[in-house]
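First comes the structure, then the notes that go with it.
The values are calculated or read from the model by the stated rules, or taken from the named source; none is laboratory data. Since the model is a prediction, treat every value here as computed from it, not as a measurement. All Cβ positions, even for glycine, are placed from backbone atoms using ideal geometry, and neighbour counts span all protein chains on display. Note: accessible area is taken over every heavy atom of the protein model, side chains too, but ligands, DNA and RNA are not part of it. Shrake-Rupley method; radii C 1.70, N 1.55, O 1.52, S 1.80 Å.
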Amino acid sequence: MAKKTVHIELKSEDQIELMRAAGLVVAETLAVLRAAVAPGVSTATLDALAEEHIRAAGAIPSFKGYHGYPASICTSVNEQVVHGIPAPEQVLAEGDVISIDCGAELDGWHGDAAVTIPVGQVRPAARRLLSAAEDALWAGIAAAARGARSGRGRLTDISFAVQSTIERAGRYGIVEGYGGHGIGREMHQDPFVLNVGRPGQGPSLVPGVVLAIEPMVTLGRARVRECSDGWTVVTADGSLAAHAEHTMAICADGVWVLTAPDGGRGRLGHLVTARQPAVPAT
Ligand code: MF3
Ligand code: CO
């Protein structure tokens with residue numbers, strides 16, 4: 001890839017507080033959806049629930065209408081990796097895994113997060129895949145937090161942490177071509193956050209950098225293709241995929257995971273900034 005200058009828009013502490021409010025709308029919506037996931041439920045039902053919840057919170061579902069995207073969430077089931085479009089005929093079955101990606105805009109600020117949820121009882125290999133994606137996400141966030149504290153953090157420290165965590169977890173595919181991004185008054189801002197790479201490269205992780213980190217992991221090969229609907233990304237080999245995403249802010253003494261109810265404290269402990277009050281999990 002050609003080197004180009006990326007401009008990262010830094011957010012003030014007050015702006016990060018506003019982004020936290022947007023992040024919490026996303027977190028609460030995902031909690032509602034997690035509780036609703038069950039065999040027999042359609043992805044269109046989940047979409048309706050999401051839109052209702054986001055709007056009830058005074059926010060806007062940011063995906064809806066984004067480049068013509070027709071729904072409030074992305075629901076990607078089994079071999080679908082990301083950007084699956086909810087549909088009434090797509091009904092969840094025991095043993096499925098579903099990635100739900102949710103974005104909300106509140107007072108002009110965006111939050112973006114995704115979780116992959118097992119439907120009922122899933123096979124152990126699927127459970128481990130979900131953990132690999134989740135662990136990789138948190139490893140990426142932890143790397144950013146360490147960089148924030150040392151003052152020497154660079155963007156690809158995150159990429160490296162994501163990649164090495166997945167590689168340590170097993171022989172998984174790491175999807176490339178999609179990845180994380182800056183986020184703020186737009187859902188997608190610079191920089192692009194790769195899920196693979198050598199550490200120590202790219203922009204410095206200084207206070208005010210706000211990023212969505214989103215690893216995508218497959219049980220088989222890493223290759224993906226886009227479906228004829230123009231959105232849904234599926235694994236080329238039909239293997240299961242998992243996706244996890246959080247929006248996080250770099251602060252002077254750590255990170256604040258804006259789309260985690262507890263700000264990330266449960267997973268990261270002292271790596272979470274002390275500046276922000278912990279918000280109790282709902
Ligand atoms: N969370 C997704 C991302 O970061 C956004 C979904 S694309 C949309 O790329 F069109 F549905 F909004
Ligand atoms: Co995103």
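Farthest towards the positive end of the charge dipole of the chain, among the residues Ser42, Tyr69, Gly254, is the Cα of Gly254, using unit charges on the Cβ of Lys, Arg, Asp and Glu.
For segment 106-177, report the convex hull volume of the alpha-carbon atoms normalised per residue, in Å³, without decimals. Spell out each step's value before the answer.
Details: hull volume 10.2 nm³, N = 72.
Taking only Cα atoms, segment 106-177 has a hull volume of 141 Å³ per residue.
Using the Kirkwood radius over C-alpha pairs as Rh, can you work out the diffusion coefficient of the chain via Stokes-Einstein at 10 °C, viscosity 1.306 mPa s, in µm² per second? Reported coefficient: 86 µm²/s. What you get for segment 63-168, charging only the Cβ of Lys and Arg (+1) and of Asp and Glu (-1), is a dipole of about 560 debye around the Cα centre.
Summing charges over neighbours of Gly40, with a neighbour being any other residue whose Cβ is under 12 Å away from its Cβ, gives -2 when K and R count +1 and D and E count -1.
Share of the chain's accessible area from carbon and sulfur, percent, 1.4 Å? Present the calculation step by step, with values, prior to reporting the outcome.
On the way: 6310 of 11880 Å².
So the carbon and sulfur contribution to the accessible surface is 53 percent.
Relative to its Kirkwood radius, the Cα radius of gyration of segment 77-210 gives an Rg/Rh of 1.00. Applying both filters, DSSP loop and at most 13 other Cβ atoms within 10 Å, to the GluC sites (Glu not before Pro) of segment 46-139 gives Glu89, Glu94.
Before rounding to the nearest 500, sum -39500 (n - 2.57) across all DSSP H runs of length at least 4 in the chain and divide by the residue total; then give [θ] at 222 nm in deg cm²/dmol.
Helices in the chain give a 222 nm mean residue ellipticity of -10000 deg cm²/dmol.
Measuring only protein heavy atoms, the 1.4 Å probe finds Arg55 accessible over about 120 Å².
Of all DSSP beta bridges located in segment 194-282, what percent are antiparallel, nearest 5?
The antiparallel proportion sits near 95 percent.
When the Cα atoms of segment 1-138 are aligned to their principal axes, the ranges along those axes come out at 45, 38, 27 Å in descending order. Kirkwood radius and radius of gyration were both taken over the C-alpha atoms of segment 58-106, and their ratio Rg/Rh is 1.02.
Below 8 Å, C-alpha to C-alpha, sequence gap of six or more: please give me the relative contact order for segment 140-282 in percent. Working shown, then result.
Values: 325 pairs, mean separation 34.0, N = 143.
24 percent.
For the pair Gln201 and Ser42, what calculated FRET efficiency results from E = 1/(1 + (r/R0)^6), where r is the Cβ-Cβ distance and R0 = 51 Å, to the nearest 0.05? So, using R0 = 51 Å, E works out to roughly 0.75. The residues of the chain have, on average, 42 Å² of accessible surface per residue, using a 1.4 Å probe with all protein chains present. A simple count of charges around Arg127, restricted to other residues whose Cβ falls under 13 Å of its Cβ and scoring Lys, Arg +1 and Asp, Glu -1, yields -1.
A cut-off under 10 angstrom between Cβ atoms defines the neighbours of Arg146, and their net charge, with Lys, Arg +1 and Asp, Glu -1, is +1. Ordering Trp138, Gly84, Ile100 by Cα displacement along the dipole of segment 60-211 toward the positive end leaves Trp138 in first place; charges were set at the Cβ atoms of Lys, Arg (+1) and Asp, Glu (-1).
A 1.4 Å probe over all protein chains sorts Ser159, Ser131 by accessible area into Ser131, Ser159, starting with the largest. Here the dipole of the chain is about 1080 debye; that uses its Cα centre as origin and unit charges on the Cβ of Lys and Arg (positive) and Asp and Glu (negative).
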